[in-house]
Each structure stands twice: as C-alpha cells, then as structure tokens.
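A.B. asks: Below you will find the structure I want to go over with you.
The values are calculated or read from the model by the stated rules, or taken from the named source; none is laboratory data. Bear in mind that the values here come from a model prediction, so they are computed numbers and not experimental data. Don't worry about glycine lacking a Cβ; one is built from the backbone with ideal geometry, like all the others, and counts go over all protein chains shown. Quick note on the areas: whole protein, heavy atoms, side chains included, nothing else; ligands and nucleic acids left out. Shrake-Rupley method; radii C 1.70, N 1.55, O 1.52, S 1.80 Å.
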Amino acid sequence: MLAVIGAAIAPGIAILSYFYLRDNLEPEPISMVIRSFVFGVLLVFPVMVLQHIMQTEWNWQNELVASIFQSAVVEEFFKWMVVYFTVYKHVEFDEPYDGIVYAVAISLGFATLENLFYLVLNGLDIAFWRAFLPVSSHALFGVWMGYYLGKAKFSGKASLELKRLIVSLALPIILHALYNTIFLTTEYWIWIIVPFMLLLWWQGLKKVQRAHDFGSKTLTSRPQ
C-alpha cells in the first residue's frame with residue numbers, strides 16, 4: 001500500500017515543485033500553495049457526488065456526454081471557482097505567474113487524490129501512464145487557466161478582465177474535453193494522445209515564459 005500511495009502522490013508533488021520553482025520573481029508563500037493543493041484534494045468529493053447524481057438521477061449515461069459535461073465541464077468549473085474565490089483577490093496574488101502556481105496547485109491536488117483512487121483499484125501497472133496522462137494533463141489545464149487568470153487580474157480594464165476570466169474557464173474545459181474525446185473516438189488513441197500531450201506541454205511552457213515576461217513588466221512599472 002505504501003508503494004501505491006507513493007506512486008500516486010509523487011507525480012503531483014514533482015510537477016507542482018517544478019512550476020513553483022519556476023516562480024523566480026516573487027515566489028508565493030509555501031503555506032498558500034499547500035493550502036491550494038489541499039483545496040484541490042477536497043474538491044474531489046463534491047465533484048464525485050455531482051458526477052454520481054448526473055449518472056444515476058439525471059441518467060446521463062452516454063460516454064461522450066459524460067466525458068464532456070460530467071468530467072471536463074464539472075471538474076474545470078469547480079477548480080476555477082476554487083481559484084477565483086480563494087486566491088484571485090488575495091494580496092499574495094501580486095504578479096501574473098501567480099495564477100499559474102495556484103491553478104496548478106489546485107489542479108494537482110485534485111489529480112493526486114483521483115490518481116490514488118485509480119491506483120488502489122487497478123494496481124501499480126498503470127502508474128506511469130497515470131502520471132504522464134491524467135496527472136500532467138490536469139496540471140497543464142491548470143497552466144492555461146492560471147495564465148489567463150493572471151492576465152485578467154492585471155488587465156487594468158473591467159471589460160478586458162471579464163473577457164480573460166471567461167477565457168480562463170473556457171479554454172481548460174475545451175482542452176479537457178478534447179483530451180477525453182480522444183480516448184472515445186478511436187482505438188488508436190495512443191497515436192493521438194502522445195502528440196496531443198507533447199503539444200500541451202510545449203504550449204504550456206510557452207505560457208509560463210509569457211507570464212514571466214508579463215510579470216517582469218508589471219513589477220517594473222510599479223511605483224517604487
């Protein structure tokens with residue numbers, strides 16, 4: 001059991017550490033990042049309850065509908081809500097890259113507990129693929145969410161902030177829905193999901209660099 005717990009937790013901690021250590025402008029308080037991670041862990045339970053209601057009470061049994069609404073929409077919406085209401089207006093959210101740190105922390109908290117459940121039920125044989133696919137995909141959806149939350153926070157105009165807030169929710173939902181749909185549309189999903197994940201990583205790391213560049217300009221323009 002210890003091996004299963006370690007295999008379930010390690011990918012999330014490793015990926016979160018990477019994104020946290022990339023914050024070289026004004027690193028966030030580690031207590032805030034851990035708190036966000038814990039919020040992500042706790043988020044699994046209401047999401048599971050809602051998904052169960054959708055399946056049993058609302059009779060949403062179609063696989064494609066489930067993959068889009070029960071998974072992509074519900075999970076990304078709840079993660080976005082947690083980021084928005086717990087850190088978006090917090091004083092520590094003081095540069096654009098902070099959005100990525102907190103969104104990734106919440107996403108990985110969610111993914112880590114979900115990963116633990118899967119490994120307990122299915123064993124360590126799928127641990128590598130769980131780390132490469134679901135865990136890292138949740139982190140990358142968090143990167144896109146956090147990037148646009150950071151841009152929204154420092155937009156300077158209410159109308160532009162609202163547009164970027166909408167994008168910060170819509171894009172992770174779309175990417176998550178595409179990710180899920182790949183597994184349902186073809187038996188050769190492995191040939192699609194690998195380049196899809198590599199593309200997500202490539203674009204995600206570009207978003208990280210852009211957030212840093214934007215943050216440097218923001219800090220430079222502040223009155224001393």
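A.B. asks: Residues to consider are R35, R22; find the one that is free of Cβ contacts under 8 Å to residues at least 60 places away in the same chain and surrounded by 13 or more Cβ atoms within 10 Å (Cβ to Cβ). Break it down stepwise before answering.
C.D. replies: Values: R22 fails: free of Cβ contacts under 8 Å to residues at least 60 places away in the same chain.
After ruling out the rest, the residue left standing is R35.
A.B. asks: Also, quick follow-up: Where residues in region 179-224 are of a type in the set (S, T, Y) and modelled with pLDDT under 75, which of them is least open to solvent (accessible area, probe 1.4 Å)?
C.D. replies: Our first condition is that a residue be of a type in the set (S, T, Y); within region 179-224, this holds for 179, 181, 185-186, 188, 216, 218, 220-221.
Now narrow it down to the ones that are modelled with pLDDT under 75: 186, 216, 218, 220-221.
On the way: T186: 38, S216: 50, T218: 21, T220: 111, S221: 92 Å².
Among residues in region 179-224 that are of a type in the set (S, T, Y) and modelled with pLDDT under 75, the one least open to solvent (accessible area, probe 1.4 Å) is T218.
A.B. asks: Looking at S155, S136, can you tell me which residue is surrounded by fewer than 19 Cβ atoms within 10 Å (Cβ to Cβ) and either small (G, A, S) or at pLDDT below 90 (or both)?
C.D. replies: Numbers: S136 fails: surrounded by fewer than 19 Cβ atoms within 10 Å (Cβ to Cβ).
From the options S155, S136, the qualifying one is S155.
A.B. asks: Scan F141, F110, F85, F93 and give me the residue that is part of a helix (DSSP H, G or I) and either more than 16 Å from the chain's Cα centre (by Cα) or surrounded by fewer than 19 Cβ atoms within 10 Å (Cβ to Cβ) (or both). Steps first, answer last, please.
C.D. replies: On the way: F141 fails: either more than 16 Å from the chain's Cα centre (by Cα) or surrounded by fewer than 19 Cβ atoms within 10 Å (Cβ to Cβ) (or both); F110 fails: either more than 16 Å from the chain's Cα centre (by Cα) or surrounded by fewer than 19 Cβ atoms within 10 Å (Cβ to Cβ) (or both); F93 fails: part of a helix (DSSP H, G or I).
One residue alone meets the criteria, F85.
A.B. asks: Under 7 Å between Cβ atoms, at least 6 apart or on separate chains: pull out the pairs that start in region 45-74 with a residue that is under 17 Å from F110 (Cα atoms) and end on any residue that is of a type in the set (D, E) and assigned to a helix (DSSP H, G or I).
C.D. replies: V47/E75
A.B. asks: Something else: Might you check whether a residue that is surrounded by fewer than 24 Cβ atoms within 10 Å (Cβ to Cβ), touching a residue at least 12 places away in the same chain (Cβ under 8 Å), touching a helix residue (DSSP H, G or I) at 6+ places or on another chain (Cβ under 8 Å) and not in a helix (DSSP H, G or I) occurs anywhere in region 118-126? Step through it out loud before you land on a result.
C.D. replies: So in region 118-126, the residues surrounded by fewer than 24 Cβ atoms within 10 Å (Cβ to Cβ) come out as 118-126.
Next cut, touching a residue at least 12 places away in the same chain (Cβ under 8 Å) only: 118-120, 123-124.
From what is left, the residues that are touching a helix residue (DSSP H, G or I) at 6+ places or on another chain (Cβ under 8 Å) are 118-120, 123-124.
Okay, now just the ones that are also not in a helix (DSSP H, G or I), so 123.
For region 118-126, residues surrounded by fewer than 24 Cβ atoms within 10 Å (Cβ to Cβ), touching a residue at least 12 places away in the same chain (Cβ under 8 Å), touching a helix residue (DSSP H, G or I) at 6+ places or on another chain (Cβ under 8 Å) and not in a helix (DSSP H, G or I): present.
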